[in-house]
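All remarks here apply to the structure that follows.
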Amino acid sequence: MEKKKVRMDESILVCVYYGPNGERLIRRGHKLANMLNCPLYVLTVDKRPYDEFDAEKLSYIEQWKELSEELGVDKFILKDNEARSSVKTIKAVAHKYNVTQVIIGEAPQNRWEEITKGSFVNVLLRELLFIDIHIVAVDRTLKSESETTYEKGVRGFLQKDDKGYLLQFTKSKTAYYEGVFYKEIGTDFNNGIFKFAYGGKTYEVNVEEDRVTEDIKEPPNCNNKN
């Protein structure tokens, strides 16, 4: 049974964008919301429409959604195809849900970056009057599992044949799925994992010497769109 929130005068918004730090921010927000016994919201903003997200971004969103459900987050908010700046979007969402505290992550900026690009935090502080902002330090060296044991992801395609699926790096008429291939570090062959999105969900399969090693259950009415 869901625990009833007592402190409705407090409300927390966690802002996540990209990468493995999102889980850390959500868990920090959940811990604070439990302490205050108040509502918790998670927001992610992107200028691109949802159907243009790459497999890696979709994978992070799916992970954040699952974690939000697991932790009992009151609402996971996705603002895609957003014409407004991230700051303006955060401000609008904060006002809509009567947010009193915002949690963000920011990588350390050197002085030159701050001069040339400006400080996101400073802009946010000017916009979010009377809202407390918690800044969780983001370590630039923190990598996801894919980045620590695999090379940087490259665009790839799964081509269907009579033996299953074959990894290709050029688009063809027989390519069923488009996604991102992460090659294992230290191997001369195309061994690794392939991540792709279909029907709003993300999938991950193992690849050994260019061939998918497991069955892919095709969604109903899955036709080759290429």
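Please treat every number below as a calculation from the coordinates, not as lab data. Predicted model only: the values in this text are computed from it and were never measured. Note that we place each Cβ from the backbone using ideal geometry, even for glycine, and neighbour counts take in every protein chain shown.
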With a 10 Å Cβ neighbour count serving as the proxy for reagent exposure, in which order, fewest first, do D188, D161 appear? D188, D161
Pair E69, K88: separation of 7 Å Cα→Cβ label points (nm): 3.4 nm
What percent does the relative contact order of the stretch 12-137 come to when contacts are Cα pairs within less than 8 Å and at least six residues apart? 31 percent
Modelled label-to-label distance, H95 and F189, 7 Å Cα→beta-carbon offset: nm? 5.9 nm
Karplus-derived HN-Hα couplings along the stretch 68-77 (A = 6.51, B = -1.76, C = 1.60, θ = phi - 60°), whole Hz, x at Gly and Pro: 4, 5, 4, 8, x, 4, 5, 7, 9, 10
Test of understanding: express the Cα radius of gyration of the stretch 12-137 as a ratio to 2.2 N^0.38 Å, with N the residue count. 1.03
What are the residues whose amide H is under 5 Å from the amide H of K47, where those residues sit 5 or more places off or on another chain and H is modelled from the backbone? E82
How do L129, L124, L40 line up, fewest other C-beta atoms within 10 Å first? L129, L124, L40
Mind checking the full-extension length gain between D9 and E208? Use 0.36 nm per residue of separation minus the Cα-Cα distance, one decimal, nm. 66.2 nm
So, with points 7 Å from each Cα along the Cβ direction, the D54-L129 label distance in nm works out to 4.1 nm
Roughly how big is the stretch 12-137's charge dipole about its Cα centre, with Cβ charges of +1 (Lys, Arg) and -1 (Asp, Glu), in debye to the nearest 20? 500 debye
Once amide hydrogens are built 1.01 Å from N within the peptide plane, the residues lying 5 or more places from I77 or on another chain with amide H under 5 Å from its amide H are V42, L43, T44
